[in-house]
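Have a look at the structure below before the remarks.
Bear in mind that the values in this text are calculations on the coordinates, not laboratory data. Computed from a predicted structure; not experimentally measured. As a convention, Cβ positions derive from the backbone with ideal geometry for all residues, glycine included, and neighbour counts pool all protein chains shown.
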């Protein structure tokens, strides 16, 4: 099954530990579509400015990502700048310029069908909802979000939660959304808002998954050298949904494995700035980490 | 095999969420010996004052814990008072009175043999070392510690690390001891100090285990209602070492299972103030959580 992803394409400037990278390829759509493309055919919907490098579009295309839904608009590409603390646990956003994203109302390209699975990567819930209504998806729908939207677009987000199947967010965001500190209680509160399945991402501690049928503790793949955590959550989501999009009927075992792949893909992303390490990860590397995670958790 | 534990018996006063408990039974020796006693015969070495309630000694004895090494000294029992933040993630020690512990130099009781496994629960490293030298243990030796000793008794602790097989400590303590933020690096640094195996406890996120042969991600048992985290780490250690003390030759599988039991026993402790929930946990409850943890992690 195809996976349609709407998310941001951005130029990121990241300061982490003693190094910085300026205007590197980033954005939730970038990380999610690159990791999902390891498993399934991806249609990417996004917008960039005239300053966006053509070679990035080619990069997506060589990964089998259909970019006919990536609009090139007059103006500048979305930019984001952040600085991490020395332990890479917290970051401070220094600057955000939405630029062409500000007025973006996408046209659904012909390649996208209502039979695609849909991943609403982390962007403004108004835009997520727009896509939802334009595409009328009939299959699996997942959504990611963040603190800014929980604080400023709560109404739209709550409406969206009734229409989607999987919500992905991190522990702090789950607490912010529900007011519940305990993550089991937070997941339960989110499920009462209408979303059947919840993935709570916990960075270096892995993730937790909650569904009506079962819960799952997603182990972290232990990474010795974390360089830049940016995009790890988007990568996790992309890996998970890419894997699920290979299945016509999703079983509990598929869900468990998709979460493991999410964890593995996220572990590649943190090993370099931007998408460098993620791009280098081939099937052998992925298979190796899958086996390692089995050995790390079997008892 | 018997397990000898030296650790504190204390009266704890704990303020957590909106409730408080005054002068309840606590101390590292209490939590560790009660959980270890679910699996093996335990010899407890400790000291209490004349104010210590005789029924607590009886409580230990009914669990098959040999208390002939618990000295009753003139003076008052060790007391500790702490207040947790509302999320139960951090606590502030409000008062500590070592009392009879201050001058405690234990006499090794007859029941203790150098063939016992030894757990040096969290107390002053000088006292841990004293026991080590007096007992001349020849089997498995494990040790727990905390920030106070890492800061104030580093020399003794470092000497001790060369003599023991397993060090248990939490993530912040592992970072404090080694100066390494990344926990794989921290564990590797600890192993270079002489201790073959390291357990890094991470509270609600489970634990990590490192040995020359393999690493293991210990999943958390998800607890819906955390009341008081006090003693969870000591309980973890007791459960782990109690389980290992049932084995004559310890395999990797035994180590993995012992860590799972550590996680399970810790999950009981946090469900009540003091040892109430831990005491109530019977073999059926323990077996149920073991099965649940399997289901929570299998893929």
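Kirkwood radius for the range B:1-148, taken over all pairs of different Cα atoms as the inverse mean of 1/r, rounds to 15.7 Å. Averaging 1/r across all pairs of distinct Cα atoms in chain B and inverting the result yields a Kirkwood radius of 19.0 Å.
Note on the range A:82-112 and the range B:125-151: Cα centroid distance 52 Å, given to the nearest whole angstrom. Dividing the summed helix terms, -39500 (n - 2.57) for each DSSP H run of n ≥ 4, by the number of residues in chain B produces a 222 nm estimate of -11000 deg cm²/dmol to the nearest 500. Suppose a student asked you for the relative contact order of the range B:6-63, using Cα pairs under 8 Å spaced at least 6 residues apart; what percent would you report? That works out to 34 percent. Three principal axis extents of the range A:164-299 based on alpha-carbon atoms, in descending order, are 40, 32, 31 Å. Across the range A:58-140, Cα pairs under 8 Å and at least six residues apart give a relative contact order of 24 percent. The calculated FRET efficiency for residue A:291 paired with residue A:86, based on their beta-carbon distance and R0 = 35 Å, is about 0.60. Counting only other chain Cβ atoms within 10 Å of each residue's Cβ, the peptide A:214-226 averages 5. The residue in chain A that lies nearest, by its beta carbon, to the axis linking chain A with chain B is given here with the distance in whole angstrom as A:205, 2. Structural descriptor for chain B: relative contact order 18 percent, calculated from alpha carbon pairs under 8 angstrom and at least 6 residues apart.
Volume per residue for the range B:196-271 equals 75 cubic angstrom (convex hull of Cα atoms). When only alpha carbons are used to place a centre, the range B:164-211 and the range A:203-281 end up 25 Å from one another.
The modelled label-to-label distance for the pair residue A:105/residue B:96, using points 7 Å beyond Cα in the direction of Cβ, is 6.5 nm. Each other copy places its own label point for residue A:252 at 2.8 nm from this one, sorted shortest first, where the point lies 7 Å along the Cα-to-beta carbon line. Among the residues of A:180-190, the average count of other protein chain beta-carbon atoms within 10 Å of the residue beta-carbon is 2.
Largest GNM mean-square fluctuation across B:68, B:46, B:258, computed for chain B with C-alpha springs under 10 Å, falls on B:68. With distances taken between every two different alpha-carbon atoms, the range A:12-63 has a Kirkwood hydrodynamic radius of 12.5 Å. Step by step: find N for the protein assembly as shown, compute 2.2 N^0.38 Å, then divide the Cα radius of gyration by it. What's the final number? Here the answer is 1.06, to two decimals. Translational diffusion of the range A:194-239, estimated by Stokes-Einstein from the Kirkwood radius over alpha carbon pairs at 20 °C in a medium of 1.002 mPa s, is 181 µm² per second. With coordinates expressed along the principal axes, the C-alpha atoms belonging to the range A:146-190 extend over 25, 22, 14 Å, beginning with the largest. A point 7 Å from Cα along Cα→Cβ stands in for residue B:53, and the other copies hold the same point at 7.0 nm, listed in rising order. Take the Cβ atoms of residue B:114 and residue B:152, set R0 to 30 Å, and the FRET efficiency comes out at 0.55. Label zone (residue B:72, point 7 Å along Cα-to-C-beta; backbone nitrogen cut-off 20 Å) within the range B:92-116: B:99-111.
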